[in-house]
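Below: the structure, in structure tokens.
The values are calculated or read from the model by the stated rules, or taken from the named source; none is laboratory data. All of these numbers come straight from a predicted model, not from anything done at the bench. All Cβ positions, even for glycine, are placed from backbone atoms using ideal geometry, and neighbour counts span all protein chains on display. To get the accessible areas, we keep the full protein, side chains included, count just its heavy atoms, and leave off ligands, DNA and RNA. Shrake-Rupley method; radii C 1.70, N 1.55, O 1.52, S 1.80 Å.
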Amino acid sequence: MALESVHNTLKSVLSEAGFKPTSGCYLNPRFALAMLAGIVVVWVMHSWVKPYPASVEYSWMQLLSLIIWQPFIEEVLFRGIIQGQIRKQDWGKLSWSGISSANAITSVLFVIVHMINSTPAFALTVLAPSLVFGYFRDYCNSIYPSIIIHSSYNAMVFVGLILHGNTVTVSI
């Protein structure tokens, strides 16, 4: 009986953090548009802010972290826990043009955290993507779409480096 109670508690906590199956979200044209918008976001980031030096070296572990672990951890923390808790409040559910106040507050926090290791200009470039991630957290009631979009945007950062002529080396 105690094991069942632990299982139910864990299931409830994970569900509250947005670990919920979502149907139809990935086939929605908005989702496809969000994925394609990542190309524009990364192009703007590399063209205007130039957040990376002319020569960048990644290890395979850093590349995997950039594309898999960082988006997963950030989405669980920001969209799953923070946005999930804020949207429980009546004021957190208020929405303007599809952007909830929970999403807006979470996105501002996301930018502030990115200012720790980045320039303010670069940190501000994550605002629009953060609003997109949060939109899908609200729209699909799950963090899985946010994780997928965030991972694809981070992968596009790597591709953007190459397309902008940066020397990119991936070491073993």
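Nearest 10 degrees, 0 to 90: what angle lies between the long axis of helix 127-140 and the longest principal axis of the chain (Cα atoms)?
30
Springs between alpha-carbon atoms under 10 Å, Gaussian network over the chain: tell me which of 36, 27, 94 tops the mean-square fluctuations.
The residue with the greatest mean-square fluctuation here is 27.
Can you give me the angle between helix 2-16 and the longest principal axis of the chain, using Cα atoms only, in degrees from 0 to 90, rounded to the nearest 10?
Roughly 50 degrees between the two axes.
Between the alpha-carbon centers of the stretch 47-74 and the stretch 128-171, tell me the distance in whole angstrom.
10
Report the accessible area of residue 52, computed with a 1.4 Å probe over the heavy atoms of all protein chains in place, in Å² rounded to the nearest 10.
Per-residue accessible area (residue 52): approximately 70 Å².
Please sort 99-109, 65-75 by packing, taking for each peptide the average over its residues of neighbouring beta carbons within 10 angstrom, highest first. Show your work: numbers first, answer last.
Details: 99-109: 20.5, 65-75: 17.4.
Final packing ranking: 99-109, 65-75.
With a 1.4 Å probe and all protein chains kept in place, how much accessible area does residue 164 have, in Å² rounded to the nearest 10?
60
How would 125, 119 line up by accessible area, probe 1.4 Å, largest first? Please list the in-between numbers first.
On the way: 125 30, 119 80 Å².
Result, largest first: 119, 125.
Rounded, prolate or oblate for the stretch 90-161? Axes are the square roots of the Cα gyration tensor eigenvalues, ordered a ≥ b ≥ c, and the cut-off for rounded is a/c under 1.5.
Since a/c reaches 1.5 but b/c is at least a/b, the shape of the stretch 90-161 is classed as oblate.
If the only charges are +1 at each Lys and Arg Cβ and -1 at each Asp and Glu Cβ, what is the size of the charge dipole of the stretch 14-156 around the Cα centre, to the nearest 20 debye?
On the way: 8 positive and 6 negative charges, 50 e Å.
Roughly 240 debye, rounded to the nearest 20.
How large is the translational diffusion coefficient of the chain in µm² per second when you combine the Kirkwood radius over alpha carbon pairs with Stokes-Einstein at 25 °C and 0.890 mPa s? Walk me through the numbers on the way to the answer.
Values: Rh = 17.1 Å.
Translational D for this selection: 144 µm²/s.
How far apart, in nanometres, would the label points at residue 85 and residue 56 be if each is projected 7 angstrom from Cα along the Cα-to-Cβ direction?
3.2
Considering only protein heavy atoms, what per residue accessible area in square angstrom results for the chain with a 1.4 angstrom probe?
Values: 9900 Å² over 172 residues.
Computed with neighbouring chains in place, this is 58 Å² per residue.
Tell me, what % of the accessible area of the chain is carbon and sulfur with a 1.4 angstrom probe?
Details: 7040 of 9900 Å².
C and S atoms contribute 71 percent here.
So how long is each side of the stretch 2-79 along the principal axes, counting just the alpha-carbon atoms, biggest first, in Å?
57, 33, 19
Which of the listed residues, 109, 55, 23, is farthest toward the dipole's positive end in the stretch 14-172, when Lys, Arg count +1 and Asp, Glu count -1 at the beta-carbon?
Working it through, the farthest residue towards the positive pole turns out to be 23.
Need the full-extension length gain, residue 43 to residue 16, defined as separation in residues times 0.36 nm minus the C-alpha distance. One decimal, nm.
Numbers: separation 27, 0.36 × 27 = 9.72 nm, distance 3.47 nm.
Taking residue 43 through residue 16 to full extension adds about 6.3 nm, to one decimal.
Rounded to the nearest 500 deg cm²/dmol, what is the calculated helix-only ellipticity per residue at 222 nm for the chain, with -39500 (n - 2.57) per DSSP H run of length n ≥ 4?
Numbers: 9 runs with 98 residues, N = 172.
Helix-only estimate at 222 nm: -17000 deg cm²/dmol.
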